[in-house]
Amino acid sequence: SSHACVPSMAAYDQLYQAAAEHEQRFWEAQAINTLSWKKPFTQVLDEAKAPHYRWFADGYLNASYNCLDRHVEAGHGKRVAVIAEGDDGLAREYSYDYILQEVCKLANALKGRGVKKGDRVLIYMPMSVQGVMAMQACARIGATHSVVFGGFSAKSVHERIVDAGVTAIITADEQVRGGKAMAIKVVVDEALAMGGCEAVHSIIIYQRTGARVARQEGRDLTWAQATRGQSAVCEPVWVEADHPLFILYTSGSTGKPKGIVHSTGGYLLWAALTMRWTFDLDPIAKPHDVFWCTADIGWITGHTYVAYGPLCVGATQVIFEGIPTYPNPGRFWQMIERHRVSVFYTAPTAIRALIKANTQDAATHPRHFDLSSLRILGSVGEPINPEAWMWYHTEVGQSRCPIVDTFWQTETGGHVITALPGATPLTPGSCTLPLPGVQAAVVDELGAEVANGTGGNLVIKRPWPGMLSTIWGDA
């Protein structure tokens, strides 16, 4: 733990105090040291229109440049960015160089179709490196993406197209999960048939399986057709830090999904900082780390800890198309062994399903695999019950890997309360302490802080860069 990014409780306290006492200075230093700016900002936090806080508002940057170009320019182009493993077990490595070129070709294809800064692009894709490239290509030209989970219905796709005023869609013919191919493009066609989608002028279809799909002349192109002959160089569109990077719809407790908007500068900074603080990823100091977040890009976890965070810090990550129980419940452990994964981040639901499956089939139990490469385990999506925590810790982590139990949500952009691997005590079932810059408190109905050990509402007293900038359409 002495080599961790936050190596001790004393170091955590120091960071936490610095963020609380010298807020502006703290965030200014973090933003300058973590991200590459085209035009430096002069204002850290603009609170004039609270609660619509604006971070680094007059600074200009580009998310795709920060995730790809700057690593290539620093001489790390040959580094593996993504190890993509298909449902069928075939794995392929993609370097930073290669991903940058493919992203540029797709970005040029989108530009050629008239997609420009501020336009909204809907992404409805399988869990794949191509999905991440699609997100990066939108960011590169300043288009705001809205990713819809590949398992969602035509109605969900339709609602999001209409609400966001989508003009282009990136999708696939089919997706493959658990040995089965499932149609995706047909769901997009069904959504468009529901009406009110007249603004959609372009659909790019990634051919995952090569299945025949209906294509409308002049509107629908395959990814290969769209990118053929496109330049592998695309100058990034520099956007103000407050420019919307993406809209991600929550399930919506009140019936209609709400589009959570995240800005480019503040969100990206928080994604990168939490990659370092929580997962202790520093590819320069620890070049052999392999990070694996099992979340789909359709969720916020897949945005922050697959599409943006790992690439922003220059890490090597695994992207997996399939499901944890196919062809058997040993799939995760087999992949950790095969790709020498060192930081593994998954959901308690998956862990509980695997505990159950592993009691039925001893051969797929984690102890039958070489998991010695693991050094940090993470949990996300819901509170992890102590029983699952203990199994994860002893059986997967062999009682030597700290577990970071991360509390956060779509609205927070990244972790807000979590254990830190080199610092905080390990307490099964507890997400421990707030991150630096997150001033958390528990209050009663009237907003007064309650005594320790008393329940109440969790509040965060000050803005932090990862928080949502607004709800789409809510001026």
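The values are calculated or read from the model by the stated rules, or taken from the named source; none is laboratory data. This structure is a prediction, so every number in the text was calculated from the model and none was measured. Positions of Cβ are backbone-derived with ideal geometry, glycine not excepted, and every protein chain shown enters the neighbour counts. Accessible surface areas use protein heavy atoms only, side chains included; no ligands, DNA or RNA. Shrake-Rupley method; radii C 1.70, N 1.55, O 1.52, S 1.80 Å.
Out of region 58-98, which residues are free of Cβ contacts under 8 Å to residues at least 60 places away in the same chain and open to solvent by less than 10 Å² (accessible area, probe 1.4 Å)?
Hit for region 58-98 is Gly77, nothing else.
Of all residues in region 406-418, how many are touching a residue at least 40 places away in the same chain (Cβ under 8 Å) and either part of a strand (DSSP E or B) or within 17 Å of Tyr392 (Cα to Cα) (or both)?
Residues in region 406-418 being touching a residue at least 40 places away in the same chain (Cβ under 8 Å) and either part of a strand (DSSP E or B) or within 17 Å of Tyr392 (Cα to Cα) (or both): 2 in total.
Considering region 227-270 alone, what residues qualify as being within 21 Å of Val416 (Cα to Cα), touching a helix residue (DSSP H, G or I) at 6+ places or on another chain (Cβ under 6 Å), open to solvent by 10 Å² or more (accessible area, probe 1.4 Å) and at pLDDT 95 or above?
Tyr249
Which of the residues that make up region 444-469 are under 30 Å from Thr264 (Cβ atoms) and without any contact (Cβ under 8 Å) to a residue 40 or more places away in the chain? Before the answer, list the steps.
Taking region 444-469 as the starting set, the residues that turn out to be under 30 Å from Thr264 (Cβ atoms) are 458-469.
Residues satisfying the conditions are Leu458, Val459, Lys461.
Checking Thr304 against (1) assigned to a helix (DSSP H, G or I); (2) among the polar types (S, T, N, Q); (3) open to solvent by 20 Å² or more (accessible area, probe 1.4 Å): exactly one of these is not met. Which one?
(3)
Taking region 1-53, which residues are open to solvent by 70 Å² or more (accessible area, probe 1.4 Å), part of a loop (DSSP other than H, G, I, E, B) and closer than 24 Å to Ala419 by Cβ?
Selection gives Ser1, Ser2, His3.
Failed condition for Leu273, given (1) part of a loop (DSSP other than H, G, I, E, B); (2) open to solvent by less than 20 Å² (accessible area, probe 1.4 Å); (3) not small (Gly, Ala, Ser), with all others met?
(1)
So that you can scan it fast, the table gives a plain yes or no per residue for (1) out of contact with any strand residue (DSSP E or B) (no Cβ under 7 Å at 6 or more places or on another chain); (2) under 24 Å from Asp289 (Cα atoms):
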| site | (1), (2) |
| --- | --- |
| Trp333 | yes, yes |
| Ala353 | yes, no |
| Ser379 | no, yes |
| Tyr392 | no, yes |
| Glu411 | no, no |
| Gly429 | yes, no |
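Of all residues in region 128-179, count the ones that are more than 12 Å from Ile247 (Cα to Cα), open to solvent by less than 30 Å² (accessible area, probe 1.4 Å) and among the hydroxyl-bearing types (Ser, Thr, Tyr).
4
Scan (1) over 24 Å from Phe26 (Cα atoms); (2) loosely packed, with under 15 Cβ neighbours inside 10 Å; (3) modelled with pLDDT of 95 or more for the single condition Ile403 breaks and write down its number.
(2)
I need a count of the residues in region 452-475 that are open to solvent by 60 Å² or more (accessible area, probe 1.4 Å), at pLDDT 95 or above and either part of a loop (DSSP other than H, G, I, E, B) or aromatic (Phe, Trp, Tyr) (or both).
Residues meeting the conditions: 3.
Run down Thr167, Thr171 and say which single residue is modelled with pLDDT of 95 or more, of a type outside the set (Phe, Trp, Tyr), in contact with a Lys or Arg (Cβ under 7 Å, 6 or more places away or on another chain) and closer than 20 Å to Trp299 by Cβ.
Every option except Thr171 fails the conditions.
Taking region 151-193 as the search range and keeping residues that are under 23 Å from the mean Cα position of the chain (by Cα) and among the acidic types (Asp, Glu), which one is farthest from Arg331 (Cα to Cα)?
Asp163
For every residue, the table says whether it meets (1) open to solvent by 10 Å² or more (accessible area, probe 1.4 Å); (2) at pLDDT 95 or above.
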{"position": "Gly309", "(1), (2)": "no, yes"}
{"position": "Glu321", "(1), (2)": "yes, yes"}
{"position": "Trp333", "(1), (2)": "no, yes"}
{"position": "Thr346", "(1), (2)": "no, yes"}
{"position": "Ala353", "(1), (2)": "yes, no"}
{"position": "Thr359", "(1), (2)": "yes, no"}
{"position": "Leu371", "(1), (2)": "no, yes"}
{"position": "Gln398", "(1), (2)": "yes, yes"}
{"position": "Glu411", "(1), (2)": "yes, yes"}
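Hey, among Ala232, Ala295, which residue is closer than 29 Å to Leu61 by Cβ and more than 22 Å from the chain's Cα centre (by Cα)?
Ala232
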